[in-house]
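**Student:** Input: one structure, supplied below.
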Amino acid sequence: MEATDVFIIGGGPAGLATAIAARQRGFSVVVADGAKPPIDKPCGEGLMPDACAALARLGINLPAEESRAFRGVRFVSGALSVHANFPGQPALGMRRTLLHRIMIERAQAVGVSLLWQTPVTGLCSEGVLVAGRIVRSRWIVGADGGNSLVRRWSGLDAYRQNRTRFAFRRHYRISNWGDSVEIHWGPKCQLYVTPLAEDEVCVAVVSDDPQLRLDPALVNFPEVSERLHGAQQSSLERGATSSTRKLRRVHRANVVLVGDASGAVDCITGEGLSLSFRQAEILAECFAKGRLAEGRFAEGTLVSYEKKHRALSRRPMMMARLMLALDWSIPFRQRVMRAFTTDPQIFRRMLAMHVGALPSAEFAANGISLGLRLLSA
């Protein structure tokens, strides 16, 4: 293949979603990745309702028999617990490898050319360098993750914000855990439990400490430890980083970034995949317009994808700051939890805003309600 409309570097969920969205608009698309599928990534493995909706728009149907719907979120801190359901459709727990396989099948069905175990070695003025040859491309998309080479090659590796935490994940065989994802708050760490099937859960710990592994972390969470006692481990422990990263730019000339390559929100939000899928949609819309740039402003060229990308990230970034504030101190967190339990509507509205069911403008009003409750908590 000597030329294509869109060349995507990185065949994870972000790259595949971009490829499918571009094919839906009639573009020829090539995806190249040095890995062999299915590609796994240690993560909480929950697809929030807005992520499920975005996948449906891409024509991707997720099999109910190989996943687990969960209807809400439960926060636990010591003896305090608060729960709320999503205001609309449920979320979905699913093994990352299964999601990747399903997305590959959809990409193949719509005519995406997939080059696995094919690393891209650089960019040039005409296109990309693949296996010692040049493939010409009108658009080049970097979807190669948090340590993106495309970001560095294109000179986009400059940050407004960059914070990294560390996560470790393992799967357990256990039945009837519940129909909510759970976030357990401990001393400077959080433990996530996501139902994946009727008899399996994903358990992950996230903290600022790169040495804090899952087993020693579980000591701080007796409720979870007791339930997992004797459960069969169905995977090995795997680690990854969780970043809060905001780039100065996500586009230069015909090179554009998507997914974790373009920035990231902390995994505490559960919104990483949803962001990637929605970025893929707006990027394909820009391709259909035939340009990424439109108009000018005081600091230079105003990029439509850039503007929409920032708008998409605003709500999850805001929610990440709010949720990570609970990590400041145990007394503060317990006051917030008491406020939530005293007035559960505050937590329900926070969750609704988190998944985009309420406008961001409601954030201030909900914050005032929370502040008033904190005064009496």
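The values are calculated or read from the model by the stated rules, or taken from the named source; none is laboratory data. Because the structure is a prediction, the values reported are computed rather than measured. Quick reminder, even Gly has a Cβ in these numbers, built from the backbone with ideal geometry, and neighbours come from all protein chains shown.
**Student:** Which residue pairs have Cβ atoms under 8 Å apart, sit 6 or more places apart or on different chains, and have a first residue in segment 18-35 that is of a type in the set (S, T, N, Q) and a second that is part of a strand (DSSP E or B)?
**Tutor:** Hits for this filter: 18/6; 18/8; 18/141; 28/4; 28/5; 28/6; 28/113.
**Student:** Might you let me know whether segment 13-29 holds any residue that is among the charged types (D, E, K, R), in a loop (DSSP other than H, G, I, E, B) and surrounded by fewer than 24 Cβ atoms within 10 Å (Cβ to Cβ)?
**Tutor:** Yes, there is a match, as at least one residue in segment 13-29 is among the charged types (D, E, K, R), in a loop (DSSP other than H, G, I, E, B) and surrounded by fewer than 24 Cβ atoms within 10 Å (Cβ to Cβ).
**Student:** Only one of these is in a loop (DSSP other than H, G, I, E, B), out of contact with any Pro (no Cβ under 8 Å at 6 or more places or on another chain) and crowded, with 18+ Cβ neighbours inside 10 Å: 8, 39. Name it.
**Tutor:** 39
**Student:** Right, next: Kindly list, by first and then second residue, each pair from a residue in segment 337-359 that is over 22 Å from residue 315 (Cβ atoms) to a residue that is surrounded by 19 or more Cβ atoms within 10 Å (Cβ to Cβ), limited to pairs with Cβ atoms under 6 Å and residues at least 6 apart or on different chains.
**Tutor:** 337/77; 341/82
**Student:** Here's another thing I want to ask about it. Against the condition over 27 Å from the mean Cα position of the chain (by Cα) and modelled with pLDDT of 90 or more, how does residue 373 come out, does it pass?
**Tutor:** No.
**Student:** Give me the strands (runs of 3 or more DSSP E) completely within segment 83-179, filtered to those with at least 2 residues that are within 23 Å of the chain's Cα centre (by Cα) and surrounded by 19 or more Cβ atoms within 10 Å (Cβ to Cβ), ordered by residue number.
**Tutor:** By residue number, 91-93, 133-142, 159-173.
**Student:** Here's something else I'd like to know. Within segment 98-109, can one find any residue that is in contact with a strand residue (DSSP E or B) (Cβ under 8 Å, 6 or more places away or on another chain) and within 23 Å of residue 250 (Cα to Cα)?
**Tutor:** No, because not a single residue in segment 98-109 is in contact with a strand residue (DSSP E or B) (Cβ under 8 Å, 6 or more places away or on another chain) and within 23 Å of residue 250 (Cα to Cα).
**Student:** Oh, and also: Among the residues of segment 188-215, write down those that are in contact with an Asp or Glu (Cβ under 8 Å, 6 or more places away or on another chain) and of a type in the set (Gly, Ala, Ser).
**Tutor:** Scanning segment 188-215 gives a single hit, 197.
**Student:** Same structure again: Could you tell me which residue of segment 197-228 is surrounded by the most Cβ atoms within 10 Å (Cβ to Cβ), considering only residues that are of a type in the set (Gly, Ala, Ser) and in contact (Cβ under 8 Å) with a residue 60 or more places away in the chain?
**Tutor:** Applying the filter and picking the extreme gives 204.
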